[in-house]
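One structure is given here, and the rest of the page talks about it.
The values are calculated or read from the model by the stated rules, or taken from the named source; none is laboratory data. Note that the structure is predicted; figures quoted are calculated from it, not measured. Neighbour counts run over all protein chains shown; Cβ positions are idealised from the backbone, glycine included.
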Amino acid sequence: MKTEEEKEIIRQWLSVEVNYEKTKKLGGKFVAIFSDNDEFVPFEENSKIYKKKLGAKIVLEHGKGHFDDDREIKELPSVLSAILGISE
């Protein structure tokens, strides 16, 4: 964490209570995309939650870190594949 602004953003993300039942009902199909070396979003813990609570298809990217501006990841083919897959 670098700045107070970044700490506040992280705090907001972590303090939100997700209503998984309502989300699943309204959302339909879900895909959760993770990186195996994300320092903020642990794959093992979070993939289990999304799979169990939303029935999400889990996609694991390798070596991408946290998906943010610092990593400059502008394209993820797995995102397009996931969108096309759930639109069927």
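Step by step: first the residues of the stretch 56-78, then only those that are assigned to a loop (DSSP other than H, G, I, E, B) and among the small types (Gly, Ala, Ser), then the one that is modelled with the lowest pLDDT. Which residue is that? Please lay out each step first, then the result.
The first filter runs over the stretch 56-78 and keeps only residues assigned to a loop (DSSP other than H, G, I, E, B), leaving 56, 62-68, 72-76.
With among the small types (Gly, Ala, Ser) added as a condition, the list becomes 56, 63, 65.
Working: Ala56: 95, Gly63: 93, Gly65: 90.
Only one residue fits best here, namely Gly65.
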Just checking, how many residues over the stretch 43-55 are surrounded by 15 or more Cβ atoms within 10 Å (Cβ to Cβ) and part of a loop (DSSP other than H, G, I, E, B)?
0
Can Phe34 be described as in a strand (DSSP E or B) and within 28 Å of Ser87 (Cα to Cα)?
yes
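Among the listed residues Ile33, Ile58, Ile86, Ile10, identify the single one that is β-branched (Val, Ile, Thr), touching a residue at least 12 places away in the same chain (Cβ under 8 Å) and surrounded by fewer than 13 Cβ atoms within 10 Å (Cβ to Cβ).
Working: Ile33 fails: surrounded by fewer than 13 Cβ atoms within 10 Å (Cβ to Cβ); Ile58 fails: surrounded by fewer than 13 Cβ atoms within 10 Å (Cβ to Cβ); Ile86 fails: surrounded by fewer than 13 Cβ atoms within 10 Å (Cβ to Cβ).
None of the other options fit; the residue is Ile10.
For the structure I just gave you, tell me whether Phe40 is surrounded by 11 or more Cβ atoms within 10 Å (Cβ to Cβ) and farther than 27 Å from Leu84 by Cα.
Working: surrounded by 11 or more Cβ atoms within 10 Å (Cβ to Cβ): yes; farther than 27 Å from Leu84 by Cα: yes.
Yes.
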